[in-house]
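Read the structure below first, then the notes.
The values are calculated or read from the model by the stated rules, or taken from the named source; none is laboratory data. Quick caveat, the model's predicted, so the values are computed rather than measured. Glycine gets a Cβ as well: all are built from the backbone with ideal geometry, and neighbour counts include every protein chain shown.
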Amino acid sequence: MTPAELPAYLRRLAADVKDRAAVDAADAMAASYQRSVVMSMKGDSAPGLPPARRTGTLARSVRAEPAKLTGGGKAGSSVAPHTVYARIQQLGGDIYPVRAKALRWKSKTFGPLAKGAKRSNYVYARHVYLPPRPYMIMTDDYRRKCRAAAIRAVQAAIREASGG
């Protein structure tokens, strides 16, 4: 390649890489954020901390949508949970029974017994408040990981386009 041919080569390379690099970067950032959110679901589920992973359903429901070009060399993607109880875990709120008179769940600890009541493994309530357990939050650490993933994706796209 001669020095005179270099500007045309670079313009062609930029055009080839522009859209593909944007999609690759958006996909890499979404995948990085999804991994970080899923990994946060462990250990204790105290109020203010991400929910504990019991069955893994909530963690499996957090999905990254494939990136789409939005024009001008820009692309976007989204990461979101897809279970019915994802929102109440994130924001907290009141839970009421829908098909029964009371909510029921197994418990290892028991509250006081009413006179003449038998002790069982179940707790009954007409209403429960679930405190927020935010897990879909963009922390500085997640932001750094997403940025690093995007940089790696763009560098890989440039290497591919330049034949290296």
Only one of VAL84, VAL79, VAL62 is surrounded by fewer than 10 Cβ atoms within 10 Å (Cβ to Cβ), in the same structural domain as ASP16 (by TED's automatic domain parsing) and closer than 28 Å to MET29 by Cβ, namely VAL84
Taking the range 49-59 and the residues there that are outside any helix (DSSP H, G or I) and of a type outside the set (S, T, N, Q), the one that is surrounded by the most Cβ atoms within 10 Å (Cβ to Cβ) would be PRO50
LEU130: passes all of (1) at pLDDT 95 or above; (2) surrounded by 15 or more Cβ atoms within 10 Å (Cβ to Cβ) but (1)
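With respect to ALA156, is the statement that it is modelled with pLDDT of 95 or more and surrounded by 14 or more Cβ atoms within 10 Å (Cβ to Cβ) true? Spell out how you get there, then give the answer.
Working: modelled with pLDDT of 95 or more: no; surrounded by 14 or more Cβ atoms within 10 Å (Cβ to Cβ): yes.
Against the criterion (modelled with pLDDT of 95 or more and surrounded by 14 or more Cβ atoms within 10 Å (Cβ to Cβ)), ALA156 does not qualify.
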Pairs returned, first residue in the range 38-55 that is touching a residue at least 24 places away in the same chain (Cβ under 8 Å), second residue that is assigned to a helix (DSSP H, G or I) and among the small types (Gly, Ala, Ser), beta-carbon separation under 8 angstrom, 6 or more apart or interchain, are VAL38/ALA59; MET41/ALA59; PRO50/SER40
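Listed here are the residues, each with its yes/no results for (1) assigned to a helix (DSSP H, G or I); (2) over 24 Å from ARG144 (Cβ atoms).
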{"position": "ALA15", "(1), (2)": "yes, yes"}
{"position": "ASP24", "(1), (2)": "yes, no"}
{"position": "MET29", "(1), (2)": "yes, no"}
{"position": "PRO47", "(1), (2)": "no, yes"}
{"position": "HIS82", "(1), (2)": "no, yes"}
Expected output for the range 92-120 (first residue loosely packed, with under 10 Cβ neighbours inside 10 Å, partner modelled with pLDDT under 65, Cβ below 7 Å, 6+ apart or cross-chain) is ARG119/PHE110; ARG119/LEU113
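Identify, please: which residue in the range 1-41 is hydroxyl-bearing (Ser, Thr, Tyr) and over 21 Å from TYR135 (Cβ atoms) and is, among those, surrounded by the fewest Cβ atoms within 10 Å (Cβ to Cβ)? Give the derivation first.
Step one: filter the range 1-41 for residues hydroxyl-bearing (Ser, Thr, Tyr), giving 2, 9, 32-33, 36, 40.
From the residues that got through so far, the ones that are over 21 Å from TYR135 (Cβ atoms) too are 2, 9.
Numbers: THR2: 6, TYR9: 12.
Restricting to residues being hydroxyl-bearing (Ser, Thr, Tyr) and over 21 Å from TYR135 (Cβ atoms), the top hit is THR2.
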Of the candidates PRO66, PRO7, the one satisfying the condition of being out of contact with any Cys (no Cβ under 6 Å at 6 or more places or on another chain), assigned to a loop (DSSP other than H, G, I, E, B) and either at negative phi or at pLDDT 95 or above (or both) is PRO66
